[in-house]
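The values are calculated or read from the model by the stated rules, or taken from the named source; none is laboratory data. For clarity, every value in this text was computed on a predicted model and none was experimentally measured. Note that we place each Cβ from the backbone using ideal geometry, even for glycine, and neighbour counts take in every protein chain shown. Ligands, DNA and RNA are stripped out before the accessible areas are found, and what is left, the full protein with its side chains, is counted by its heavy atoms. Shrake-Rupley method; radii C 1.70, N 1.55, O 1.52, S 1.80 Å.
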Amino acid sequence: MSDKGEEKSETIKKIEKPIYDRVALIGLGLIASSMFWAMKRGGLAGEVTGYARSRETRETAREIGLCDRVCDSAAEAVEGADLVVLCVPVGAMGQVAEEIAPHLKRGATVSDVGSVKRAVIEAVRPHIPEGVHFIPAHPLAGTEQSGPRAGFATLFDNRWCILVPDGEPDAEALARLRALWEGMGAHVDVMDADHHDLVLAVTSHAPHLIAYTMVGVADDLRRVTDSEVIKYSAAGFRDFTRIAASDPTMWRDVFLSNKDATLEILGRFTEELFALQRAIRQGDGAHLHDYFTRTRAIRRGIIEAGQDTPAPDFGRVAKEEAGE
Ligand code: NAP
């Protein structure tokens, strides 16, 4: 067993299951539903309550057995909960925190799964009552699907979840949240919010914006190429379309709330793009070859770190075969 594996089982050994007697999930989309199924798989929570803003989502949740109890208000869902996880778009976190604040149990932990951390801390922290722990988190796992039917128990397996404590966290509360994420299959890291936002701007936010742009460009060309864009989309472009199919609300909020880091990375991206453009114009094959050799090594590193498979389609063939 690796060091990481030993460390992981140590944490779980110390904290008996269920890790939390009562968990409340606010927002019942892809991430919350995956958390529910993963918690059930691991026997990590006693009762899980859930709340979503629309009646339609709550009814779907009841129909598919998502959550042990679906509540008609956020206040009812968090009543008596030991852990409350905010699983709504980043821009809605502050308003939801304000709504649930008076109903939180003393000693409870409030966490979230938002893709941006500094903005969430600024929006949520002012509403957290005395005696309630606040430990923001971000699981680095997702698909382009959203809604209560999108989740599945294995979403977090072998993925990273970053805990971003705001200030000096309570050791017991932190260990418990870590054990929950490890129990749901994730590796856990702890990071500062600003560092998190910069890392994610490079690895996720800027790439999403580039994918949105590329698909937008292809759409503009549609008049010229007609169905060719779809027909010949296997080469690279298809993966852009998958990323560009991600939820518009979520991604609007990500860019608006991680503005500085995203703009910083896009500035660097533009400089590199100009350099590549110049190399193409000047026929500088050596520059292009060196650049692509460097980027190929990064891809190998990702596969060696177990964060993707060398199979085409980003491992999706294997996933479909597994019936997920
Ligand atoms: P999702 O599938 O679109 O679900 C969002 C949920 O939030 C829905 O239940 C929705 O309720 C509820 N909601 C939306 N606006 C709300 C508001 N103003 N007040 C109360 N509830 C509201 O989203 P998701 O993909 O699970 O994302 C949830 C969070 O996880 C986001 O903060 C996102 O940044 C983060 N995240 C996402 C991914 C990913 O790949 N998707 C990965 C990591 C982290 P209704 O259904 O009733 O509208």
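Mind jotting down the three principal axis lengths of the stretch 152-197 based on Cα atoms? Whole angstrom, largest first.
Principal-axis extents of the Cα atoms in the stretch 152-197, largest first: 32, 25, 13 Å.
When the accessible area of the stretch 195-310 is computed with all protein chains present and a 1.4 Å probe, what percentage of it is carbon and sulfur? Please list the in-between numbers first.
Values: 4850 of 7940 Å².
C and S fraction of accessible area: 61 percent.
Mind checking the dipole of the chain: about its Cα centre, +1 per Lys or Arg Cβ, -1 per Asp or Glu Cβ, Debye to the nearest 20? Don't skip to the end; give the middle numbers.
Details: 38 positive and 50 negative charges, 133 e Å.
So the magnitude is around 640 debye.
Relative to the compact globular guide of 2.2 N^0.38 Å, what is the alpha carbon radius of gyration of the stretch 3-191, as a ratio?
0.93
Divide the volume of the convex hull of the Cα atoms of the stretch 58-123 by its number of residues and quote the answer in cubic angstrom per residue. Write out the running numbers ahead of the final one.
Working: hull volume 6.3 nm³, N = 66.
Cα convex hull per residue, to the nearest whole number: 95 Å³.
Ranking request for peptides 29-37, 276-284, 134-142, 119-127: highest mean number of other beta-carbon atoms within 10 Å first, then the rest in descending order. It would help to have the intermediate numbers written out before the result.
Numbers: 29-37: 24.8, 276-284: 11.8, 134-142: 22.1, 119-127: 19.6.
Going from most to least packed, we get 29-37, 134-142, 119-127, 276-284.
Determine the share of the stretch 45-113's accessible area contributed by carbon and sulfur atoms, expressed in whole percent, with a 1.4 angstrom probe. Mind showing how you got there, number by number?
Numbers: 1250 of 2910 Å².
Carbon-and-sulfur percentage of accessible area, whole number: 43.
Just to confirm, what accessible area per residue do you get for the chain at 1.4 Å probe, in whole Å²?
Values: 17200 Å² over 324 residues.
With all protein chains present, the chain gives 53 Å² per residue.
Check every DSSP H run in the chain and write down those whose alpha carbon atoms cover 24 angstrom or more along the long axis and whose mean Kyte-Doolittle hydropathy is -1.0 or greater. Intermediate values should be presented prior to the final figure.
Values: long enough: 259-281 (32 Å, -0.07); 285-304 (28 Å, -0.56).
Within the chain the helices that satisfy the rule are 259-281, 285-304.
Given points 7 Å out from each Cα along the Cα-Cβ axis, report the residue 195 to residue 284 separation in nanometres with one decimal.
With each label point 7 Å from Cα toward Cβ, the separation is 3.4 nm.
Once all Cα-Cα distances of the stretch 195-310 are split into 10 Å bins that start at 0, what whole-number percent is in each one?
Reading the bins upward from 0: 12, 31, 41, 15, 0.
When the helix-only estimate is applied to the chain (DSSP H runs of n ≥ 4, each -39,500 (n - 2.57), divided by the residue count), what is the mean residue ellipticity at 222 nm, nearest 500 deg cm²/dmol?
-15000 deg cm²/dmol
Per the Cauchy relation, a quarter of the hull surface: what is the mean projected area of the convex hull of the alpha carbons in the chain, in nm²? List each step's numbers first, then the result.
Working: hull surface 74.6 nm².
That works out to 18.7 nm².
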